[in-house]
Each structure stands twice: as structure tokens, then as C-alpha cells.
Amino acid sequence: MSIYLHFRAVAESEIRDDYTWLAAFMSEAWENDIEEHAAGIAHSINKGWDAVNDLYAAADALCTDADEPWKLPIYGGRPVPHRTDADPSNPPLMFLEPPGVSQAARFLTAVSFDELWNVAGARFSGLGWTRQEHLDHHRDLQEFYGQAASAGHAVVKAVWA
């Protein structure tokens, strides 16, 4: 079974802070993921996003920033609540506002992947995650967040199973 964390950059003025609307927006974005990924406005990670977050958590050991911007690329943003009587199969959604997107982009640009890997890489190798997989995710996230920040966009995140 595949499970994805899907990221979609969007102008904050173009979205509604409403779970039903955002779920429909993200569902349509997911259907157009290949085109949107090529356009630089979408990204997704299959299964391994928690390991990518764990790699970024190694930034704590490097004492890079007291604000902990390493939390922003994967789990950053606020949960978008939905009605308690909503369909339980609805995807969890998160919303990261433009200032958070910019902070995530700065972190991804400033942090040294090699230093992160030196701190945390051994534990991932034992779990079957390779350095190259993490490096590819890191580079993709650098590009995605960099473009989103340059455009002043927010990022909506959804988990699809």
C-alpha cells in the first residue's frame, strides 16, 4: 500500500480556510500531480516523509537555530480541522502560511545535508533508507519550498492513502 504526503503551493488569496474546500482543492491537485509537479507547484513523498523529518531533526544537534525551523518542511503548519461527523477517510490537512514557507526555504538552503547525514545517517541506513534517497528528497524540497517562497505562496499538505 502506498501512502503519500502531498504538498501544494498556492497563493494564500486563492484558498479558503475551510476543510471541505481545501480537501476538494487538494483532491483535484492530487489528480493533476504530474503536471503540477512539473510546474514546480506540487511535490509528494511516498512513505518516507517521517524519515526525512527525522533527518531534519538532526539540525537540533547542529544548533542551527533556536526557532527550530527544521520542523517546517514536513510537519510545519497548522492542522485544518474538520467537522467531527465528517467521513473518517478524509485526509489530514495542514496549512503553512507564507512566512512559514519562507522560513522553511531558508532552513533548507542554509542547512548542510552532509552535516545532517553525519549526525543521523547511520540510523537510517539500518532501516533501509539510503543516503541518496534522503539527498533526493532534500533537493526536491529545497526546490519546491524555494519556488513557493519566491512566489509568496502558502503550502497546503495532505496525506493520501
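Quick notes
- Residues in segment 121-127 carry Karplus couplings, in order, of x, 4, 5, 6, 4, x, 9 Hz; the curve used is 6.51 cos²θ - 1.76 cosθ + 1.60 with θ = phi - 60°, and Gly or Pro positions show x.
- Student exercise, the chain dipole from Lys, Arg, Asp, Glu Cβ charges, in Debye to nearest 20: 260
- For the chain, relative contact order (Cα pairs under 8 Å, six or more residues apart, normalised by length) works out to 39 percent.
- Other residues whose C-beta falls under 9 angstrom from the C-beta of residue 155 contribute a net charge of +1, scoring Lys and Arg +1 and Asp and Glu -1.
- Set against the 2.2 N^0.38 Å expectation for a compact globular protein, segment 91-148 has a Cα radius of gyration ratio of 1.29.
- Per-residue Cβ neighbour rank within 10 angstrom, fewest leading, 56, 75: 75, 56
- Taking Cβ atoms as reference points and 14 Å as the exclusive limit, the residues near residue 40 contribute a net charge of -3, counting Lys and Arg as +1 and Asp and Glu as -1.
- When the helices of the chain are scored as -39500 (n - 2.57) per DSSP H run of n ≥ 4 and the total is divided over every residue, the value at 222 nm lands at -15500 deg cm²/dmol.
- Between residue 31 and residue 143, the C-beta separation translates, for a Förster distance of 30 Å, into a calculated FRET efficiency of about 0.85.
- When the chain is treated as a Gaussian network with alpha carbon springs shorter than 10 Å, the biggest mean-square fluctuation among 104, 59, 151 belongs to 151.
- Taking other C-beta atoms within 10 angstrom as a stand-in for reagent exposure, 106, 16 fall in the order 16, 106, fewest first.
- Fewest-first ranking of 71, 47, 157, using other Cβ atoms within 10 Å as the exposure measure: 47, 71, 157
- Other residues whose C-beta falls under 13 angstrom from the C-beta of residue 75 contribute a net charge of 0, scoring Lys and Arg +1 and Asp and Glu -1.
Every number here is computed from the coordinates shown, using simple stated rules; none is lab data. For clarity, every value in this text was computed on a predicted model and none was experimentally measured. Positions of Cβ are backbone-derived with ideal geometry, glycine not excepted, and every protein chain shown enters the neighbour counts.
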